[in-house]
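These notes are about the structure you will find just below.
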Amino acid sequence: MEKYNGWTNYATWRVNLEIFDGMTVAEYFDLTQDAYDLGQQLKDYAIETVEFSDSQAKGLALDYAMAFLDNVNWSEIAEHMIEEKMENA
């Protein structure tokens, strides 16, 4: 699989950029947990964001959005956040 801007793939890069970049992550998530568990919380947050950002998104559009989120490497985003926290500590 080809990387995208240093990330696993386009979906991972884009979700990190558009949902989590600039967010004060520590206010929402426990960055002391392992990357897998944090990744699952990030996934849940992103799904909620997609489902509630536009209550009109139903059917095919929502299905495509969820398929896109399935391609995200959630652990990679979590590892990035954990590393960033340690660098700034």
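Each value in this text was obtained by applying a stated rule to the coordinates, not by laboratory testing. Predicted model only: the values in this text are computed from it and were never measured. Neighbour counts run over all protein chains shown; Cβ positions are idealised from the backbone, glycine included.
Can you report the number of residues in the stretch 35-89 which are small (Gly, Ala, Ser) and under 18 Å from residue 5 (Cα atoms)? Lay out the reasoning, then the answer.
First, pick out the residues of the stretch 35-89 that are small (Gly, Ala, Ser): 35, 39, 46, 53, 55, 57, 59, 61, 65, 67, 75, 78, 89.
Cutting the leftovers down to under 18 Å from residue 5 (Cα atoms) gives us 75, 78.
Residues that pass the stated criteria total 2.
One residue stands out among those in the stretch 9-43 that are farther than 13 Å from residue 69 by Cα and of a type in the set (Val, Ile, Thr): the one that is nearest to the chain's Cα centre (by Cα), which is 25.
Of the residues contained in the stretch 21-32, none is found to be without any contact (Cβ under 8 Å) to a residue 40 or more places away in the chain, in a strand (DSSP E or B) and of a type outside the set (Gly, Ala, Ser). Evaluation of residue 35 against the conditions (1) surrounded by fewer than 17 Cβ atoms within 10 Å (Cβ to Cβ); (2) small (Gly, Ala, Ser); (3) touching an Asp or Glu at 6+ places or on another chain (Cβ under 7 Å) shows that the sole unmet condition is (1).
Residues in the stretch 65-80: is at least one of a type in the set (Phe, Trp, Tyr) and without any contact (Cβ under 8 Å) to a residue 12 or more places away in the chain? The answer is no; no qualifying residue exists.
All conditions in (1) surrounded by 16 or more Cβ atoms within 10 Å (Cβ to Cβ); (2) touching a helix residue (DSSP H, G or I) at 6+ places or on another chain (Cβ under 6 Å); (3) free of Cβ contacts under 8 Å to residues at least 60 places away in the same chain hold for residue 4, with the sole exception of (1).
Out of contact with any His (no Cβ under 6 Å at 6 or more places or on another chain), surrounded by 15 or more Cβ atoms within 10 Å (Cβ to Cβ) and assigned to a helix (DSSP H, G or I), is that true of residue 17? Reasoning before the result, please.
On the way: out of contact with any His (no Cβ under 6 Å at 6 or more places or on another chain): yes; surrounded by 15 or more Cβ atoms within 10 Å (Cβ to Cβ): no; assigned to a helix (DSSP H, G or I): yes.
It is false that residue 17 is out of contact with any His (no Cβ under 6 Å at 6 or more places or on another chain), surrounded by 15 or more Cβ atoms within 10 Å (Cβ to Cβ) and assigned to a helix (DSSP H, G or I).
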